[in-house]
Amino acid sequence: MQLSTTQLNPEQCTCFNLRKATRVVTQIFDDKLRPSGLRATQFSILAVMTGAKSSTINKLAQTLAMDRTTLTRNLKPLEKQGLIEITPGEDRRTRLVALTAKGQENLTQALPLWEQAQTEVIEKLGVGPWHNLLERLTETVSIA
């Protein structure tokens, strides 16, 4: 079976366009967050962990819509930097992740940089389209 050119056009591919947009937005956040030493992905993980004393890796992966092994790879540098602590859970199969005082301090210092990136994205998109984007992204995540 031969595919038509419209089927092969990446500009019509949902995945291609979402990943392209994600790369652009991530670059904006990475650039703004650079002085903090955090990347956008790391900031997001730490931000999700605030407010909770600790969380299992599985629950954190579910919250972030990430594969457990990918999350574990992303947690290792944060643990090495002393921003999080990973400890055994109630049984051997679970591990608990907690934000350390250093992690909370780093996150607090990075917050104004994140706010700059957030403001830049909202200003470039416009408030209405930004709200619409968030609604559509929430709907998109719910299909999983």
With DNA, RNA and ligands ignored, accessible area of Asp67 (1.4 Å probe; Å², nearest 10): 90
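Find out how many positive minus negative residues lie around Gln118, taking Lys and Arg as positive, Asp and Glu as negative, among other residues whose Cβ is under 14 Å from that of Gln118.
Details: positive: Lys32, Lys124; negative: Asp30, Asp31, Glu115, Glu120, Glu123.
Surrounding charge for Gln118 is -3.
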Protein accessible area in segment 54-144, 1.4 Å probe - carbon and sulfur %: 55
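Per residue, how many Å² of accessible area does segment 26-95 show with a 1.4 Å probe?
Numbers: 4420 Å² over 70 residues.
For segment 26-95, the solvent-accessible area averages 63 Å² per residue.
Viscosity 0.890 mPa s, temperature 25 °C: what is the translational diffusion coefficient of segment 43-140 from Stokes-Einstein with a Kirkwood Rh over Cα pairs, rounded to a whole number of µm²/s?
The estimated diffusion coefficient comes to 164 µm²/s.
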Value of [θ]222 nm, deg cm²/dmol, for the chain, DSSP H segments ≥ 4, -39500 (n - 2.57) each, nearest 500: -21000 deg cm²/dmol
Within the chain: Cβ-based charge dipole about Cα centre, in debye rounded to nearest 20 (Lys, Arg +1; Asp, Glu -1): 500
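The values are calculated or read from the model by the stated rules, or taken from the named source; none is laboratory data. This is a predicted model, so every value here is computed, not measured. In this analysis, Cβ positions are derived from the backbone assuming ideal geometry, glycine residues included, and neighbour counts consider all displayed protein chains. Keep in mind that these areas ignore ligands, DNA and RNA; they rest on the heavy atoms of the full protein, side chains included. Shrake-Rupley method; radii C 1.70, N 1.55, O 1.52, S 1.80 Å.
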